[in-house]
């Protein structure tokens with residue numbers, strides 16, 4: 001039987017797993033994201049111990065180079081994360097473990113996981129948004145993961161920001177008050193002086209933050225026309241936040257687009273991941289599965 | 001030989017053509033968009049006179065219903081254009097001319113035209129933006145026109161708007177200062193008191209308008225990751241506007257994404273349509289061509 005490895009290579013931790021799907025996870029390990037050498041070293045050690053596997057899927061924080069014809073395929077590129085810009089990830093792991101590697105963004109992996117086993121089953125055009133330390137977005141369009149020129153980077157859209165009402169300048173090192181700069185966990189901590197998890201129940205906080213999140217999702221709706229928006233990440237664990245965001249999205253759309261899911265079904269249209277926090281690592285396993293199928297000509 | 005009809009059904013005029021491509025257009029007519037009955041009547045008369053054709057493609061202003069399983073397939077839906085909300089377009093033309101009809105948005109038709117014969121040849125993920133009376137966007141992703149839940153509606157994204165610098169409230173009846181509400185031809189005329197064409201050479205106008213256009217394009221880049229942005233429509237005929245927009249896009253991206261086309265090749269990355277104002281009607285012919293190929297099992 002074919003066995004897969006999955007790595008969700010996140011900016012704060014790497015989730016590793018060996019298995020074939022949500023009901024068959026044989027080993028897992030959570031590795032803190034420290035230096036590239038240490039993080040990749042511990043990841044390789046996990047698969048040496050728990051393997052062998054037939055292929056490994058990696059869903060990585062980014063931006064990444066996932067162009068198979070590029071000399072820097074499998075690298076993290078212009079990330080602002082200290083020590084990680086221009087890091088060789090996939091080729092290094094492939095060299096050390098001698099297995100085929102499928103490589104994509106963490107959010108495309110999560111989208112794939114939700115499509116294979118979660119709340120996006122049966123859909124062909126939808127997106128996965130994560131609101132954690134940063135904000136990322138992945139998407140499937142017409143049944144294929146979206147890449148295009150590079151890959152989606154939802155977090156760096158510009159959204160309206162009323163400086164009079166909220167003078168916070170934004171937390172993005174590239175763009176200041178882009179979507180991520182206003183609505184990510186990092187932005188929330190910088191704006192309010194405490195991490196999101198310590199701000200539970202503060203209506204002022206969550207009304208403002210839900211407004212920014214809804215503005216970003218409306219842009220995604222207008223560009224991608226997703227059949228569903230799956231929204232995960234640590235910030236979305238805040239009680240009540242999802243329903244605030246849903247209400248704001250409906251309000252901002254203001255009846256434009258004759259689409260029942262937005263008009264009447266917003267509770268299912270903008271929804272949490274079915275796989276919870278495992279969407280990324282399970283999606284990475286699905287990436288590996290697809291790579292093996294394709295190389296076998298199945 | 002198979003002969004196609006194309007209709008670019010726009011909000012101010014309908015462009016009709018009979019032919020097989022840009023080098024073989026046998027008849028054309030431009031019909032002003034008045035009432036649905038009169039406009040459709042004149043369109044039907046054109047094809048009765050210049051036909052018969054084997055299939056007609058229609059690229060229509062929207063929003064439209066292009067779900068083939070819907071009872072209102074081929075209708076324009078919630079458009080704010082007086083007299084045109086919930087108008088039966090494609091089924092009515094099919095009934096009166098008894099030919100197969102392919103139906104999509106005007107901007108998806110234009111995207112298809114540019115892919116078949118214009119500046120998007122060989123690309124599989126790109127978008128077409130029109131900046132005319134309104135703003136619309138169509139896209140191809142992975143070689144297929146993007147539809148999703150409904151279809152893209154780039155014009156209704158929310159973009160940053162500094163009310164202190166520009167107190168204009170926006171011109172969109174649904175959303176006020178959305179992308180279209182700030183950057184369309186209608187918005188320009190409302191904001192500056194004269195139509196765009198009469199504002200040539202006024203730097204203050206075009207610096208502001210280019211800024212809004214660039215903000216919208218940056219959102220599209222972050223969501224869709226297009227390999228190229230084709231931008232047409234009457235407003236883009238303004239001399240110098242394209243290069244202002246290009247410069248603003250590069251500035252807003254600020255080096256994020258390690259993508260040479262944005263960093264160094266913006267002049268080719270954000271570009272005018274290769275087919276000029278014929279992109280829509282030729283794309284409609286390409287829609288008809290695809291419909292005939294598919295029904296023939298080719």
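The values are calculated or read from the model by the stated rules, or taken from the named source; none is laboratory data. None of these values were measured; they are calculated from a predicted model. All Cβ positions, glycine included, derive from the backbone under ideal geometry; neighbour counts span all protein chains shown.
For this structure, a couple of remarks:
- Among the residues of region B:101-123, the ones that are touching a helix residue (DSSP H, G or I) at 6+ places or on another chain (Cβ under 6 Å) and surrounded by fewer than 24 Cβ atoms within 10 Å (Cβ to Cβ) come to 2 in all.
- Options B:99, B:150, B:119, B:129: the member that is more than 10 Å from chain A (Cβ to nearest Cβ) and over 16 Å from residue B:227 (Cα atoms): B:99
- Residue match in region B:2-16 (condition: buried (at least 20 other Cβ atoms within 10 Å of the Cβ), at pLDDT 95 or above and over 21 Å from residue B:233 (Cβ atoms)): yes
- Tally of residues being free of Cβ contacts under 8 Å to residues at least 24 places away in the same chain and part of a loop (DSSP other than H, G, I, E, B) across region B:34-47: 1
- Under the condition of being away from chain B (no Cβ under 14 Å) and either at positive phi or surrounded by fewer than 20 Cβ atoms within 10 Å (Cβ to Cβ) (or both), the residues counted in region A:244-270 number 3.
- Picking from residues in region A:153-179 that are more than 10 Å from chain B (Cβ to nearest Cβ) and in contact with a helix residue (DSSP H, G or I) (Cβ under 7 Å, 6 or more places away or on another chain), the one that is surrounded by the most Cβ atoms within 10 Å (Cβ to Cβ) is A:171.
- For region A:192-243, residues that are crowded, with 24+ Cβ neighbours inside 10 Å and farther than 30 Å from residue A:124 by Cβ total 2.
- Residue count for region A:55-86, restricted to those that are over 20 Å from the mean Cα position of the chain (by Cα) and surrounded by 17 or more Cβ atoms within 10 Å (Cβ to Cβ): 1
- Enumeration of residues in region A:87-106 that are over 17 Å from the mean Cα position of the chain (by Cα) and either part of a strand (DSSP E or B) or at pLDDT below 95 (or both): A:87, A:88, A:101
- Extreme residue, nearest to residue A:53 (Cα to Cα), among residues of region A:107-142 that are within 8 Å of the chain's Cα centre (by Cα) and outside any strand (DSSP E or B): A:109
- Test: residue in region A:48-58 that is touching a helix residue (DSSP H, G or I) at 6+ places or on another chain (Cβ under 8 Å), closer than 27 Å to residue A:141 by Cβ and part of a loop (DSSP other than H, G, I, E, B): no
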